[in-house]
Amino acid sequence: MKWQYKTTTPEATRHLGEKLGHIFKPLSGIVYLTGDLGAGKTAITQGIVKGMGITAQVTSPTFALVNEYGDKSIKVVHMDLYRLLDFDELEEIGFDDFLRDGSIILVEWPDLLIENRYEPLAALSLSRVEGEDDSRIINLKTEDASLIERVKQLG
Amino acid sequence: MKILAIESSCDETSIAIVEDGRNVIINKIYSQIDIHKKYGGVVPEIASRNHVIKLPYVLESALTESQLTFDDIDAIAVTHGPGLVGALLVGVSAAKALAYALNKPLIGVNHIEGHIAANYIQFPDLKPPFLTLVVSGGHTYLIQVNAYESYTILGRTLDDAAGEAFDKVARVLGYPYPGGPAIDQAAREGNAEAVKFPRVFLDKNSFDFSFSGLKSAVLNYINHCKQKNIEFKREDIAASFQAAVLDVLVEKTCHCAKKTGLKKVCIAGGVSANQGLRTRMKKQAGEEGITVYYPDLVLCTDNAAMIGSMAYYDYQAGKTSDLYLNAEPGLNIE
């Protein structure tokens, strides 16, 4: 099931993330985040984390590979798998532990997970719009019927 | 007091012996950059595996070349964060084993504080208070160093680190990893006025940084050129991008120095090796009566000497660790 939305500024992307964060709050699972460099993956994550009620400075996960926000009661894990080469490395960064924690796990460059047939809660993709530098088309795909229902109410 | 220090938080496996925080007896660095070059960045599993292989050799050569033995060493220091968890664990485990086997104090050191301490090695008379701009692949901070053990963070990046912006723009322009030196080099050949990229200053009174908008602007520009078949010189883009980063870094640092009244500014971290940054900072800060410090290139990149220096001041302040010391990938300063 699919849903599409268009934002015209990075702030709007962040704001959409916040609304999605509200919806994700009671859920757990992996959320794929795809899009080119500069597509707004960190921006939408900033919104999602805020929308889940966590106050934190969300920055790019590229250097550290994994950033964690929140505490035991509610946690968001933000990963960038761009530099991982094979599946064993996922274990090394504690991927299974995060899965067991029941957190929302936002994964940038999730190719390794896709190849290994993980079933994400949702897949979010951000793409640029030709001729509109700040606009983004955001697609959400999910197999979760109630999730798509709630997302559709966003407009 | 002689401290044997280990650094393995990212690319480099390094061991140093530093006396009294300022005198570097030896600083051995084994870099994995060549290994990681073909992947366009540090590959974590490869990094940790190589740290395991290299560390014993680096340790042995540090002792042999300095003609010292473990008996001469008074304490063991190690970077325990921030960094890559697997890479950090190698150094932390080795340090704990050494401290336990030799029955010497163990000192866990914050990597960022280590970068700041690189300036203590370079400038034996340099003492806090001063302002420091820490810029590297993973970090961008403006920190007021009140005393050796007292820091006030005045600004930080809200998204990408400065060095990360360099790496990502370099990736898009087809320059090799690490992107910083490649862009710095290309910037000298290009025209910095060719493209006017945005300078993101955020709020005028904020000392925080944001580099993701600049990164997007560079990508937009390149996409735009490709779509319309406009030819561009990548040196010009490199130069224009670097100018935008430096404008913000230098402007904010000088403004912050003025506001805090600090007359000394230290640049630390991998990006402090950037020639453009050094020149610009010296010029602009100099005009405002501020003295600028930055370490030699070898002390800008990750190295254990800076960890050994910081460890000395940690030890003086009674900050030692026990054998439960763990790797903390997200370790904060303060």
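The values are calculated or read from the model by the stated rules, or taken from the named source; none is laboratory data. It should be emphasised that the depicted structure is a prediction, and the values quoted were computed from it without experimental measurement. We place every Cβ from the backbone using ideal geometry, glycine too, and count neighbours over all the protein chains shown. Heads up: the accessible areas ignore ligands, DNA and RNA and are worked out on the full protein's heavy atoms, side chains in. Shrake-Rupley method; radii C 1.70, N 1.55, O 1.52, S 1.80 Å.
Summary table below
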{"item": "Considering only the protein assembly as shown, percent of DSSP beta bridges that pair antiparallel, nearest 5", "result": "60"}
{"item": "Computed over the range B:116-258, Cα set: Rg, Dmax in Å", "result": "16.6, 56"}
{"item": "Sum of -39500 (n - 2.57) over DSSP H runs of 4+, divided by residues of chain A (222 nm, nearest 500)", "result": "-9500 deg cm²/dmol"}
{"item": "Residue of B:314, B:159, B:167 that the Gaussian network model of chain B assigns the largest fluctuation, springs spanning Cα pairs under 10 Å", "result": "B:159"}
{"item": "Choice from A:35, A:47, A:131 with maximal GNM fluctuation in chain A (Cα, 10 Å cutoff)", "result": "A:131"}
{"item": "Relative contact order of the range A:1-107, pairs being alpha-carbon contacts under 8 Å that are 6 or more residues apart, as %", "result": "29"}
{"item": "Averaged over B:219-229, number of beta-carbon atoms from partner chains that fall within 10 Å", "result": "2"}
{"item": "Stretchable slack from residue A:57 to residue A:97, in nm (0.36 nm times residue separation minus alpha-carbon distance)", "result": "12.1 nm"}
{"item": "Taking the C-alpha atoms of the range B:263-323, convex hull volume expressed per residue in Å³", "result": "90"}
{"item": "Column: log10 I(q)/I(0), Debye, Cα scatterers of the range B:51-117, q = 0.28 Å⁻¹", "result": "-1.30"}
{"item": "Other protein chain Cβ atoms within 10 Å, averaged over every residue that makes up B:154-160", "result": "4"}
{"item": "Under the span-like rule (Cα at least 24 Å along the axis, Kyte-Doolittle mean at least 1.0), DSSP H helices of chain B", "result": "B:85-102"}
{"item": "Chain-alone versus full-assembly comparison, the range B:57-97, residues with accessible loss of at least 40 Å² (1.4 Å probe)", "result": "B:84"}
{"item": "Rounded to the nearest 20 debye, dipole of the range A:2-152 from Cβ charges on Lys, Arg, Asp, Glu", "result": "820"}
{"item": "Cross-link pairs B:215/B:264; A:41/B:226; A:72/B:168; A:2/B:226; B:28/B:258; A:2/A:41 - those with Cα-Cα distance over 27 Å", "result": "B:215/B:264; A:72/B:168; A:2/B:226; B:28/B:258"}
{"item": "For the range A:2-152, fraction of C-alpha pairs farther apart than 26 Å, in %", "result": "19"}
{"item": "Residue B:215 accessible area, assembled protein chains, probe 1.4 Å, Å²", "result": "20"}
{"item": "Within chain B, helix-based [θ] at 222 nm, where runs of 4 or more DSSP H residues each add -39,500 (n - 2.57), nearest 500", "result": "-15000 deg cm²/dmol"}
{"item": "Average partner coverage of A:76-84, which counts Cβ from other chains inside 10 Å", "result": "2"}
{"item": "Amide H contacts under 5 Å for residue B:328, placed H, 5+ residues apart", "result": "B:81"}
{"item": "Cα Rg over Rh - the range A:30-106, Kirkwood", "result": "0.94"}
{"item": "Selected from A:45, A:55, A:34 as most flexible by GNM, with chain A as the system and alpha-carbon contacts under 10 Å", "result": "A:55"}
{"item": "Pairs of Cα atoms farther than 15 Å apart, the range B:78-143, %", "result": "61"}
{"item": "Peptide ranges B:60-68, B:133-141 listed from the most packed, as the mean C-beta count within 10 angstrom indicates", "result": "B:133-141, B:60-68"}
{"item": "Fully extended contour minus Cα-Cα distance, from residue A:86 to residue A:144, at 0.36 nm per residue", "result": "18.0 nm"}
{"item": "Over chain B, relative contact order from alpha-carbon pairs under 8 Å, at least 6 apart, %", "result": "26"}
{"item": "Over chain B, equivalent-ellipsoid semi-axes from the Cα gyration tensor in Å", "result": "35, 23, 16"}
{"item": "Cα-projected label distance for residue B:203 with residue A:36, points at 7 Å along beta-carbon direction, nm", "result": "3.4"}
{"item": "Using a Förster distance of 60 Å, the FRET efficiency for residue A:130-residue B:19 (Cβ separation, nearest 0.05)", "result": "0.45"}
{"item": "Cα principal axis extents for the protein assembly as shown, largest first, Å", "result": "69, 52, 39"}
